[in-house]
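Inspection log for the structure reproduced underneath, given as structure tokens.
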Amino acid sequence: MRRRRLAPLVAVSVTATLAPALATATATAAPAATPSTASSAAASSSAAKGALDRYVQQKPRWKRCSADSPATFQCATIKVPLDYRAPDGKRMDLAISRIKSTAPGKRHGVLFSNPGGPGGPGLFMPLSMQEELPRSARQKYDLIGFDPRGVGRSSPVSCGLKPKEENWLRPYKEKTFDKDVAWARGAAKKCKKKAGGTLRHITTRNTARDMDLLRAVLGEKKISYVGYSYGTYLGTVYTQLFPGRADRFVLDSAVDPARAWRGMIQWWAEGAEPAFDRWTEWAAERSRKYGLGDTPKKVERTFWDLVAQADEKPIEVDGQPTTGDDIRSGFRGAVFSPKEATEGLVELKKAADGKPASAKKLAVFAGSEGTGTAGAAADAAEGPSDNMTASLWAVVCGDNSAAWSRDPESYRRDAIEDKGRYPLYGDFASSIKPCAFWGKSVEPATEVNNRVGSLIVQNEWDSQTPLPSAQALHADLKGSKMLTVLGGEGHGVYPNGNACTDGTVNRYLLTGKLPAKDVTCQATADSNAEARKNRKRDALPGSPLPGRAPDRF
């Protein structure tokens, strides 16, 4: 099978310098600005502003989050407008959490965070951040978490989808395409019938407005922020809507705003091709140890022969039949770590030959790393079973409906073409999705172009948000600096135990000063192992689930 090799991913190596810390916020600071409906493209009448004033006057009733959580970890619920253009209308719950600064005299402000998604609960993020931040940063900030609107404990949405209907990883097959179109149409119809009036307002722009309302409720002039994966897009939208209220923003493993969201799904296919080529070279150089072939072309043939064999007769993997499509889907993420991909394929060959194989090493074909955010599994279990999927589609379809064709045949054409261009995953990424039958977005897509200061942090070899995605965001955020980890593997960088990467991020959070120039760090074996183990921030609880999509941004 002919493969198209993409251009190399290049980063510029520079040094970093930092200036003294900004002044700390105090309890006697001037009153925080009220969220502006006009600045966020909503209604600007005095009545609307007055309605938002009433939201700002809320006093959160903080209490211990759960009996088994630390007493310092507090939770509360506030109300936010369902539709910011009509703030006197229906309201939603916003579940929020905090861990207060350990040294009030050194406190700078609040640090919000988001683990990824769309559909990822973030209420328990302060517990993770508390473990990851240095002591000096825990003194600087109150750590603030929240479940985005429609997710977890924040008025969770549901489409009433059954597990099979949640499976959106559907590779193109001529004989099944009509069924896939019917599935996509049916899923969209169910969502509209069950929660259409709410789902249309579950958007990134409205979640950013919720963040700003929460900022005002907390009495803060500005917020600092650490966002992973989808969280980088949420943070970016915040900087576009509320540029004067963004303080220190760390955007880790970044989404290209111009490709939200169909294009980002297609990035998974495009980004896997250079990673696959890198893997074949790595495995060929170690042919004596692994026996997959002594040239990249032979390694490639070994892989595709196994795919063809599994297409003809599924291979038993840990008691489960594994098809060629299963192999392609799982291997997409695996190839970003050549060693794990190689070891996994060796075990798959054994299983194909009827020999005992390591279930642990075969796990790379499950298509997901990591375990998600601390405590999120229990949190998500309280809501509807399809909550993550329903909120995912609300954002992916509703942020920019114009990105999604309404012609099913266009998806057929794209899937066929992209399977030829990106054979590992192209048809998975480009085939029909429920967004083809979704309603029109209530607002235009967010066009990002501002000079807000931020630090973009990116691994070179990231399966979910490839390096060019972060480079595109860097170009859009004119005031940003970018930290690239050359040789870095995995989705999610900070913290990874690498003194270069962790030190750069920590200095920014502590001082508020960005590096003078873009920074390049070299990955270490330990930092890559840490990324593969723990840093898929948006691996939602239980993913991959049988019959459900394992990937989130």
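Checked against (1) farther than 27 Å from Ala523 by Cβ; (2) in contact (Cβ under 8 Å) with a residue 60 or more places away in the chain, Phe276 passes all but condition (1).
The residues of the range 239-263 that are under 19 Å from Phe146 (Cβ atoms) and touching a Lys or Arg at 6+ places or on another chain (Cβ under 8 Å), listed by number, are Leu241, Arg245, Ala246, Asp247, Asp252. Is one or more of the residues making up the range 359-379 of a type in the set (Ser, Thr, Tyr), surrounded by 18 or more Cβ atoms within 10 Å (Cβ to Cβ), outside the structural domain of Val151 (by TED's automatic domain parsing) and at pLDDT 95 or above? No, the range 359-379 contains no residue that is of a type in the set (Ser, Thr, Tyr), surrounded by 18 or more Cβ atoms within 10 Å (Cβ to Cβ), outside the structural domain of Val151 (by TED's automatic domain parsing) and at pLDDT 95 or above. Residue under question is Lys222, and the condition is that it be touching a residue at least 60 places away in the same chain (Cβ under 8 Å) and basic (Lys, Arg); does it hold? Yes, satisfied. Whenever a residue of the range 513-529 is farther than 16 Å from Met482 by Cβ and modelled with pLDDT of 95 or more, it has no partner that is in a strand (DSSP E or B) and among the hydrophobic types (A, V, I, L, M, F, W, C) lying with C-beta atoms less than 6 angstrom away and at least six residues away or across chains. The number of residues in the range 395-424 being part of a helix (DSSP H, G or I), buried (at least 20 other Cβ atoms within 10 Å of the Cβ) and in contact with a Ser or Thr (Cβ under 7 Å, 6 or more places away or on another chain) comes to 6. Kindly indicate whether any position in the range 328-349 is in contact (Cβ under 8 Å) with a residue 60 or more places away in the chain, in contact with a Leu (Cβ under 9 Å, 6 or more places away or on another chain) and surrounded by fewer than 21 Cβ atoms within 10 Å (Cβ to Cβ). No, every residue in the range 328-349 fails to be in contact (Cβ under 8 Å) with a residue 60 or more places away in the chain, in contact with a Leu (Cβ under 9 Å, 6 or more places away or on another chain) and surrounded by fewer than 21 Cβ atoms within 10 Å (Cβ to Cβ).
Scanning the range 410-445 for residues that are modelled with pLDDT of 95 or more and either in the same structural domain as Ile327 (by TED's automatic domain parsing) or small (Gly, Ala, Ser) (or both) yields Ser410, Ala415, Gly420, Gly426, Ala429, Ser430, Ser431, Ala436, Ser441, Ala445.
Restricting attention to the range 251-272, does a residue exist that is buried (at least 16 other Cβ atoms within 10 Å of the Cβ) and farther than 30 Å from Glu443 by Cβ?
In the first step, residues of the range 251-272 are kept if they are buried (at least 16 other Cβ atoms within 10 Å of the Cβ); the result is 251-272.
Still in the list and also farther than 30 Å from Glu443 by Cβ: 272.
Yes, the range 251-272 contains a residue that is buried (at least 16 other Cβ atoms within 10 Å of the Cβ) and farther than 30 Å from Glu443 by Cβ.
Considering only residues in the range 186-234 that are within 22 Å of the chain's Cα centre (by Cα) and part of a loop (DSSP other than H, G, I, E, B), the one that is farthest from Ser480 (Cα to Cα) turns out to be Arg200.
The values are calculated or read from the model by the stated rules, or taken from the named source; none is laboratory data. Remember, it's a predicted structure, so these values are computed and weren't measured experimentally. A quick note on method: Cβ atoms are made from the backbone with ideal geometry, for glycine too, and the neighbour counts reach across all protein chains shown.
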